[in-house]
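We did not get these values from a lab; they are worked out from the coordinates using the rules stated. Values in this document were obtained by computation on a predicted structure and should not be read as measured data. Glycine also receives a Cβ, built like all others from the backbone with ideal geometry; neighbour counts cover every protein chain displayed.
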Amino acid sequence: MSRKPSKILIMHGWQADSGSNWFPEAKVFLEKKGFEVFVPDNPGGYSPKLSEWLGRIEQNKPDENWILIGHSLGGVTILKYLEKTNMPVAQTILLATPINEMKFTPLKNFFEQGFDWEKIKQNGGKINLIYELDDQVVPLEHGHILAGKLSAPLTVVPGAIHICRMNVEIIGDIIDE
């Protein structure tokens, strides 16, 4: 990569939107650092469709000038995008991202095809993971598995309630590494 990335796409998780959790604070924080930040609202409510969520990423045409940040199901969407595209991004940050639908049947369509880990690593740029120590929604074990599959560093934060609340400077620190 010849230049520093300048654009960031933040994908929210299931039953959230661009105004939820830490997303508005992260947008302001990252814009102050000089990034152009996009936080789209994903459709589907209780029954989201992977194809529609992928469309939110695809419409931005991410390339080596982009950082993709995904929370929970938004992270799964980014994984699916990275295995589908032929255009690598600069960096990928996944927060509380599950590796299967667990007990949430409406999410099954996001996991039906499994994952192409090599293609994801090839297109994900510098990949970082952030998980909560005692997440009751997506257990830390998912982070350990992803860290192994993606050869990615794992940051563990306590008390973040499924990473729905956190100090957004953690993201800034990871981007600046």
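Taking the number of other C-beta atoms within 10 Å as the exposure measure, put Glu132, Glu141, Glu112, Glu101 in order starting with the fewest.
Neighbour counts put them in this order, fewest first: Glu112, Glu141, Glu101, Glu132.
Oblate is the label for the range 100-151, because a/c, from the alpha-carbon gyration tensor with a ≥ b ≥ c as root eigenvalues, is 1.5 or above and a/b does not exceed b/c.
A straight chain from Lys103 to Ala147 at 0.36 nm per residue would run longer than the Cα-Cα distance by 13.6 nm.
This structure gives percent of Cα pairs over 21 Å apart, computed directly, and of (1) 42; (2) 49; (3) 46 that value is listed as (1).
For the range 43-167, the Cβ-based charge dipole about the Cα centre amounts to some 160 debye (Lys, Arg positive; Asp, Glu negative; other atoms uncharged). Under a Gaussian network description of the chain, with springs only between Cα atoms under 10 Å, the residue in Lys103, Lys61, Lys80 that fluctuates furthest is Lys103. Lys7: which aspartates and glutamates have alpha carbons under 18 Å from its alpha carbon, excluding same-chain residues fewer than 8 sequence positions away? Within reach: Glu25, Glu31, Glu36, Asp41, Glu58, Asp63, Glu64, Glu169, Asp173, Asp176, Glu177. For the pair Gln136 and Glu112 in one chain, pulling the backbone fully straight at 0.36 nm per residue adds 6.3 nm over the alpha carbon distance. Build a GNM of the chain with springs between Cα atoms under 10 Å apart, and of Met11, Met166, Met87 the one that fluctuates most is Met87.
Taken about its Cα centre, the range 1-105 carries a charge dipole of about 200 debye when Lys and Arg each add +1 at the Cβ and Asp and Glu each add -1 at the Cβ.
With N counted as the residues of the range 44-90, its alpha-carbon radius of gyration over 2.2 N^0.38 Å works out to 1.11.
Extension gain, Thr155 to Asp17, is 47.3 nm, computed as 0.36 nm per intervening residue step minus the present C-alpha separation. Expressed as a fraction of 2.2 N^0.38 Å, the C-alpha radius of gyration for the range 76-174 is 1.05.
GNM remark for the chain: springs join alpha carbons under 10 Å apart, and the peak mean-square fluctuation among His142, His162, His71 falls on His142. Label-to-label distance for Gln59 and Asp176 is 3.3 nm, based on points extended 7 Å past Cα in the beta-carbon direction.
Taking 19 Å as the cut-off for C-alpha to C-alpha distance, list the pairs among Lys80/Lys108; Lys33/Lys84; Lys80/Lys121; Lys33/Lys121; Lys84/Lys149 that go past it. The answer is Lys33/Lys84; Lys33/Lys121.
Report, in debye and to the nearest 20, how large the dipole of the range 52-95 comes out about its Cα centre when Lys and Arg carry +1 and Asp and Glu carry -1 on their Cβ.
For the range 52-95, the charge dipole is close to 80 debye.
Would the range 21-123 count as rounded, prolate or oblate if I go by the C-alpha gyration tensor, calling it rounded below 1.5 in a/c and otherwise prolate when a/b exceeds b/c, oblate otherwise? Verdict is oblate for the range 21-123.
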